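Visitor: One structure follows; several queries about it will come next.
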Amino acid sequence: MKYNRKTHRRQRPTFARTQTLSVFACAVVCLIGCQIITADETAPKPAVAPLPPAPIYKSARPIKIDGELNDPAWTAAAPIEVNYLFNETDKRDTRVPMIVRFAWDDSYFYIAYEIFDTDLVALDDGRIKGPPGNQRKAAKPWAPDEKVDIAEFMFHVGDDMYLWELHHNSLNHFNEVFLTLFGSDSDLYDTAFNFLGYMYQDEITFKDRGDIKFKSAVHMMTDADGNPSTPNNASDVDTGYTGEIRIPRLWIPTERITADDGSRSPSREIRILSVCLNGNDGFEYHHSSARRPGAGLFANGVKLFPRYILLDQTAARADARREHGR
Ligand SMILES: [Ca+2]
Ligand SMILES: [Ca+2]
Ligand SMILES: [Ca+2]
């Protein structure tokens with residue numbers, strides 16, 4: 001799939017007033033993202049191989065979604081540093097603005113993260129999403145004049161063209177967006193379905209399935225004097241916050257792993273890009289968990305999203321015991 005920004009600039013339609021604000025916001029995010037990397041837009045992109053897959057362990061017990069990361073699953077999970085520089089290739093920042101952990105069980109995929117920020121800003125976009133009884137305010141993903149901050153997770157869900165883009169902030173606003181990527185050879189590319197290379201569907205929402213319900217929470221970090229961080233209050237110096245999200249597994253498809261000999265592994269794989277956007281300086285800068293998120297938009301780098309394998313270590317230990325006759 002190729003994305004030619006120069007071509008697209010010529011073809012870019014004028015925004016009509018009928019387009020939703022959220023689509024507009026997304027488009028502007030994309031434009032800003034593109035501007036950041038304008039300097040090397042004509043240069044060949046360096047070849048950067050994706051990193052080998054990292055494990056995501058199955059949680060032995062349900063994780064309490066309260067924003068506090070003291071559950072055993074989070075102790076066991078490997079921390080993922082989100083500090084690759086957005087406009088560089090394979091370069092990490094000297095500081096780590098965000099740390100992410102993942103876990104899963106039969107019902108849910110879980111996300112935990114820490115964000116370190118001296119001035120937390122969290123805005124909703126005015127919409128209420130979610131099924132009856134489980135509604136939430138939708139996070140606003142982009143507002144440079146208001147220095148908005150956002151945690152973002154992009155899940156590849158199939159065929160290198162379907163993605164979830166999830167937004168969460170320090171006031172527990174949440175927004176799920178379904179992206180469909182179009183290549184320039186697609187018949188849908190130059191149509192109203194497409195803007196800047198993909199269709200952005202932010203009206204979709206994670207519906208609950210019986211007792212299996214989406215849930216998210218946040219918890220403010222405290223400073224050395226015990227004062228909690230205060231979103232949308234710039235009169236103090238914040239420390240940051242922690243977030244927890246659980247998503248019904250039915251919404252998070254995973255890929256089968258096939259070995260070179262054609263055999264199927266019982267484990268499943270998923271590609272996830274974690275992104276931290278901090279608007280402190282009035283210019284929103286992204287850090288990500290990928291060595292390079294791709295040419296321009298994060299979504300276009302889906303092949304380089306970090307890969308993870310969902311491992312059931314309990315089942316693996318049982319297999320090993322059987323194999324060794326124990
Ligand atoms: Ca917890
Ligand atoms: Ca504050
Ligand atoms: Ca901030």
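The values are calculated or read from the model by the stated rules, or taken from the named source; none is laboratory data. Predicted model, so just to flag it, every value in this text is computed and none were measured. Glycine gets a Cβ as well: all are built from the backbone with ideal geometry, and neighbour counts include every protein chain shown.
Visitor: Tell me which residues, restricted to the range 211-231, are away from ligand 2 (no atom under 16 Å from the Cβ) and in contact (Cβ under 8 Å) with a residue 12 or more places away in the chain. Steps first, answer last, please.
Guide: First pass over the range 211-231, keeping only residues away from ligand 2 (no atom under 16 Å from the Cβ): 211-217.
The answer is ILE212, LYS213, PHE214, LYS215, SER216, ALA217.
Visitor: Might you let me know whether the range 160-175 holds any residue that is exposed (fewer than 14 other Cβ atoms within 10 Å of the Cβ), among the acidic types (Asp, Glu) and in contact (Cβ under 8 Å) with a residue 12 or more places away in the chain?
Guide: Within the range 160-175 (the criterion being exposed (fewer than 14 other Cβ atoms within 10 Å of the Cβ), among the acidic types (Asp, Glu) and in contact (Cβ under 8 Å) with a residue 12 or more places away in the chain), the answer is yes, since at least one residue qualifies.
Visitor: For the range 242-267, give me the residue count where each residue is under 30 Å from PRO141 (Cα atoms), in a strand (DSSP E or B) and modelled with pLDDT under 95.
Guide: Start the filter on the range 242-267 by keeping residues that are under 30 Å from PRO141 (Cα atoms), which leaves 242-255.
Going one step further and asking which of them are in a strand (DSSP E or B), we end up with 242-248, 255.
Applying the additional criterion that residues be modelled with pLDDT under 95 yields 255.
Looking only at that region, the number is 1.
Visitor: Run down ASP208, ASP190, ASP202 and say which single residue is surrounded by 15 or more Cβ atoms within 10 Å (Cβ to Cβ), touching a residue at least 60 places away in the same chain (Cβ under 8 Å), away from ligand 3 (no atom under 16 Å from the Cβ) and more than 19 Å from the chain's Cα centre (by Cα).
Guide: Sole residue among the options that is surrounded by 15 or more Cβ atoms within 10 Å (Cβ to Cβ), touching a residue at least 60 places away in the same chain (Cβ under 8 Å), away from ligand 3 (no atom under 16 Å from the Cβ) and more than 19 Å from the chain's Cα centre (by Cα): ASP208.
Visitor: Checking GLY126 against (1) buried (at least 18 other Cβ atoms within 10 Å of the Cβ); (2) more than 16 Å from ligand 3 (Cβ to nearest atom); (3) within 24 Å of THR230 (Cβ to Cβ), which single condition isn't satisfied?
Guide: (1)
Visitor: Another question about this same structure. Being closer than 26 Å to LEU304 by Cβ and acidic (Asp, Glu) is the filter; apply it to the range 120-176 and report the residue that is farthest from the chain's Cα centre (by Cα).
Guide: Only one residue tops the list, namely ASP159.
Visitor: Just to be sure I understand the filter: pairs with C-beta atoms under 7 Å, separated by 6 or more residues or on different chains, first member in the range 232-244 and touching a residue at least 60 places away in the same chain (Cβ under 8 Å) and within 11 Å of ligand 3 (Cβ to nearest atom), second member in a strand (DSSP E or B) and among the acidic types (Asp, Glu). Which pairs pass?
Guide: Going by the 7 Å Cβ cut-off, the qualifying pairs are GLY240/GLU114.
Visitor: With the structure loaded, tell me whether MET199 is within 21 Å of ARG249 (Cα to Cα) and either in a strand (DSSP E or B) or at pLDDT below 95 (or both) or whether it fails that test. Step through it out loud before you land on a result.
Guide: Working: within 21 Å of ARG249 (Cα to Cα): no; either in a strand (DSSP E or B) or at pLDDT below 95 (or both): yes.
Against the criterion (within 21 Å of ARG249 (Cα to Cα) and either in a strand (DSSP E or B) or at pLDDT below 95 (or both)), MET199 does not qualify.
Visitor: Separate question: Here is a list of conditions, (1) of a type in the set (D, E, K, R); (2) within 16 Å of ligand 3 (Cβ to nearest atom); (3) over 20 Å from PHE214 (Cα atoms), and ASP90 meets all of them except one; can you say which number that is?
Guide: All conditions pass for ASP90, except number (2).
Visitor: Report, by residue number, each residue of the range 88-122 that is of a type in the set (Val, Ile, Thr) and assigned to a loop (DSSP other than H, G, I, E, B).
Guide: THR89, THR94, VAL96, THR118, VAL121
Visitor: Right, another one. Based on this model, can you work out whether LEU277 counts as surrounded by 13 or more Cβ atoms within 10 Å (Cβ to Cβ), within 14 Å of ligand 3 (Cβ to nearest atom) and touching a residue at least 40 places away in the same chain (Cβ under 8 Å)?
Guide: Working: surrounded by 13 or more Cβ atoms within 10 Å (Cβ to Cβ): yes; within 14 Å of ligand 3 (Cβ to nearest atom): yes; touching a residue at least 40 places away in the same chain (Cβ under 8 Å): yes.
Yes.
Visitor: Those residues that are buried (at least 21 other Cβ atoms within 10 Å of the Cβ) and either away from ligand 3 (no atom under 16 Å from the Cβ) or on the phi > 0 side of the Ramachandran plot (or both), I need them from the range 137-154; list them, please.
Guide: Scanning the range 137-154 gives ALA138, PHE153, MET154.
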